[in-house]
Amino acid sequence: MALETRSVGLDNPVKVFFSNPIAAIGLVIILLFALMVVIHPLLMNTLWAGEGDVYDPVTGYDAPILVVEVVRTVTDPATQVDVATARVSDITASVGDVIEIAVQPAPPSGTHWLGTDVFGRDVFSMILAGAWPTFVVGLSAALVSAAVAVVFSISSATFKGRVDRALSRVSDVLLLLPAPLAMIVLAGGTTGEFLTPLNFGVTYGVLAGASTAAIVLRSHALATVERPFIDAARVSGASGWYLARRHLLPHMIPLAAVAMVSSVVGAVVAHGFASWLAYSDDLSNWGAIMFVAIGFSALQGVFAWNVLIAGAAAISLFCAGFYMVSLGLKDVAYRGGEQQRTTRPGWVRRLEMRT
Amino acid sequence: MARYVLNRLLSGLLTLFLFVTVLFFLASAVIPGDFVTSLGIMSAEQSAGIREQLGLNEPLYLQYWSWLTSIFTLSLGDSFGRGPVWDAVRDALAPTMVVLGVGLLIAFVLGGWLGRTAGYRERSLFAGSATIVAIICLTIFPPALAVAMEQGIQRTAGWWSLGEIAAFDSELWLGSDLSPSGVLWRMFFAFAITALFLWLVETLVWRFARRRIPRWVFLIGMVAVPLMLWSQMGLTGRVLDLAGTMSLLVIAVVLLTFGEVLLVTKAAMDDVMLEDYVMVARAKGLPEHQVRDRHAARTALLPVLSRFTVAIPYFLTGLVILEVVFGASSGGGLQTSGVLMRFHAPAGLGTLLFDSLGDQDTPLLLGALLVVGVITLVLRIVLDVLHAALDPRIRFGGEPNGA
């Protein structure tokens, strides 16, 4: 029997994934962030090593010195400064003096590609350094949530009845406590040491996996377990454990991947916001550098646009990358999956297609 | 149908009870110290006295019992710092409901329309750019969006400067005993009365004249009658003032949520367009807009609704984040710093949540989280019932799958 398909290679998950250009772009974005994790230590040890600790993401300091004249009303910002601003760096300054002020935050330049923040630290280096904690938060949340959701949904579909009712009740209850909100409250309620990026990710994963992800996966598992090939396996004497492992699990993987990706987005935004509110001890992540930029710019009267834009763009792009990948994975889950009713080897299926 | 709704409500009540229990014990287990430790340094006798007074010395199960009874009597107990929890929650609930309701409605209509058009013309420039804009809006970091909006409006300060739209018009509010949330609750009341009235008229006309009232009459009625009621109650000036202060928040909510609606609608449309009945509709020679709006879009609405049931807690979280960053206040206290000018929409749940977190005011925190849970639950039940009403398989006595 010849199966007519609308586009080529529907049985190949990789081809289905890359037939969506948005998914491919998303993968490139994630790879770029992974590259950032790798090159930061390399840069610190080679190119930036000779510069003292100018480029250190936490303790670095470098501020261009500007020689300016103190005046009452500023007409030329490049050579003049008003009294109030001058007294931030030199308390004895008065009108008519010529003083040196350190420009921080400094706008982007050749030595500092994204400028420096209010403490004179290199923003580019801080963004690079923030990639690793973000990956830890996102990936741990993704893995834990997928594991929890898969266990929940497969138990529901295999045992049904009481187990299913109990588990879906747990999901219903936890859904009322949105994971991002719960994590922000948790971060604010506990002292900072508990919420390392790893702990944050794992806790988020448990909450999100048992609620949102489990609800989505459960209905898919219940639909899968009704399909004829499960009955066939059961009739031929397969045990419940074998069914769950060999027949149900492969069908859950694409949707579990989609759920993983949305956990990444939620966890990263929640972690960024908790850091933005200074609820985390970690000072090198993207939320925390924005918190410092905004908090201190209110004191100095200069708004650190470069830090805000860089940090927000980093978080948003990171999430967008994962979201775009999830669109491709959805194609794999819903369209490619139709062709993969069985877990027979590829050559058998190709034979079937030909006849 | 009535049986389904009743079942759903009962199961919702059980879920709510379990949620309350989980919330209480989680909060007691997780939050270190208590309200007294946040008061600052004092002698051991003093703090013991205050603990005694607030009932913090009682065993956990007694505290749990008193919280349960306070929920059943709807008082939600007393907060440590600011009177009965229910009063604080009621004041915070009204602005949140307005912002979330109006924002989600706009996002749903806008995103649904864009997504339908984009899904219908799958490989076009419009579909591609709509998808990209939606992904940007969906993944933008909410606090950064809020700060950028604030700064943007402040820089282009013309007639629509933040100062003008942000702060309350003090002359309007100082001399009266009406608080912003009081006005908002009166607005809801007027809306509810109108809806009830129109429903009654519709039923009576159908019962005695066997005629349906056209839909545009309802739309005009739902706008005109509340406006009349508001001006009768003398609220018009205050309503306009509130609309001004809350508009920024509503715009931000729309920006954050319409992307999700667009993408889900588009994906659902993509799938539906390949179905056989769409081909049949075309083969019958129906005009394209009818194929799109009647045959495809109506079925595409179902997955959008089920996606919403899972996404609503996240929308709520986004709103909470926005509110905290915008620094909504209950009026009065000016928080203008040199750079970030705070705007003064009435304080909603987000502000309440973070204030109570800062004070370690556990009853207030629990109350706020409880209300977040109840909103989610109510919206979820409403969406489930809507889903059942739209899906012919469930409407005619089948079992809803999933959810």
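The values are calculated or read from the model by the stated rules, or taken from the named source; none is laboratory data. Computed from a prediction, not measured in an experiment: that's the story for all the values here. Note: ideal-geometry Cβ built from the backbone for every residue, glycine included; neighbour counts use all protein chains shown.
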- In the range B:127-141, residue surrounded by the fewest Cβ atoms within 10 Å (Cβ to Cβ) [restricted to those that are within 7 Å of another protein chain (Cβ to nearest Cβ) and farther than 13 Å from A:GLY321 by Cα]: B:THR131
- Message: Being loosely packed, with under 14 Cβ neighbours inside 10 Å and either at positive phi or aliphatic (A, V, I, L, M) (or both) is true for just one of B:ALA297, B:ALA267, B:ALA283. Which residue is that?
- Response: B:ALA283
- Does the range B:187-195 contain at least one residue that is over 18 Å from B:GLY101 (Cβ atoms) and not acidic (Asp, Glu)? no
- Message: Checking the conditions here, which among A:ALA187, A:ALA157 is surrounded by 16 or more Cβ atoms within 10 Å (Cβ to Cβ) and within 27 Å of the chain's Cα centre (by Cα)?
- Response: A:ALA187
- Task: From B:VAL310, B:VAL320, B:VAL324, grab the single residue that is at the interface with chain A (Cβ under 9 Å from one of its Cβ atoms), at pLDDT below 80 and in contact with a Gly (Cβ under 7 Å, 6 or more places away or on another chain).
- Result: B:VAL324
- Item | Residues within the range A:318-338 that are within 8 Å of chain B (Cβ to nearest Cβ) and modelled with pLDDT of 85 or more, tallied | 4
- Single condition B:VAL304 does not satisfy, out of (1) more than 11 Å from chain A (Cβ to nearest Cβ); (2) modelled with pLDDT under 75: (2)
- Identify all residues within the range A:244-255 that are under 26 Å from the mean Cα position of the chain (by Cα) and within 20 Å of A:PHE159 (Cα to Cα); write none if there are none. A:LEU249, A:PRO250, A:HIS251, A:MET252, A:ILE253
- Exactly one of (1) under 40 Å from the mean Cα position of the chain (by Cα); (2) more than 26 Å from A:ILE127 (Cα to Cα); (3) modelled with pLDDT of 75 or more is unmet by A:PRO107. Its number? (2)
- Query: Of all residues in the range A:231-246, which are among the aliphatic types (A, V, I, L, M) and touching a residue at least 12 places away in the same chain (Cβ under 8 Å)?
  - Reply: A:ALA233, A:LEU243, A:ALA244
- Note on the structure: Counting only residues in the range B:140-160 that are part of a helix (DSSP H, G or I) and polar (S, T, N, Q), the one modelled with the lowest pLDDT is identified as B:GLN154
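Answer yes or no as to whether A:LEU195 is out of contact with any Leu (no Cβ under 7 Å at 6 or more places or on another chain), surrounded by fewer than 20 Cβ atoms within 10 Å (Cβ to Cβ) and of a type in the set (A, V, I, L, M).
no
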- Query: Does B:ARG82 satisfy being in a helix (DSSP H, G or I) and more than 14 Å from every other protein chain (Cβ to nearest Cβ)?
  - Reply: no
- Item | Residue check for A:VAL16: in contact (Cβ under 8 Å) with a residue 12 or more places away in the chain, surrounded by 17 or more Cβ atoms within 10 Å (Cβ to Cβ), touching a strand residue (DSSP E or B) at 6+ places or on another chain (Cβ under 8 Å) and over 17 Å from A:PRO133 (Cα atoms) | no
- Query: Within the set of pairs 6+ apart or on separate chains, which have a first residue in the range B:270-293 that is within 13 Å of chain A (Cβ to nearest Cβ), a second that is loosely packed, with under 13 Cβ neighbours inside 10 Å and among the acidic types (Asp, Glu), and C-beta atoms under 8 Å apart?
  - Reply: B:ASP270/B:GLU122; B:MET273/B:GLU122
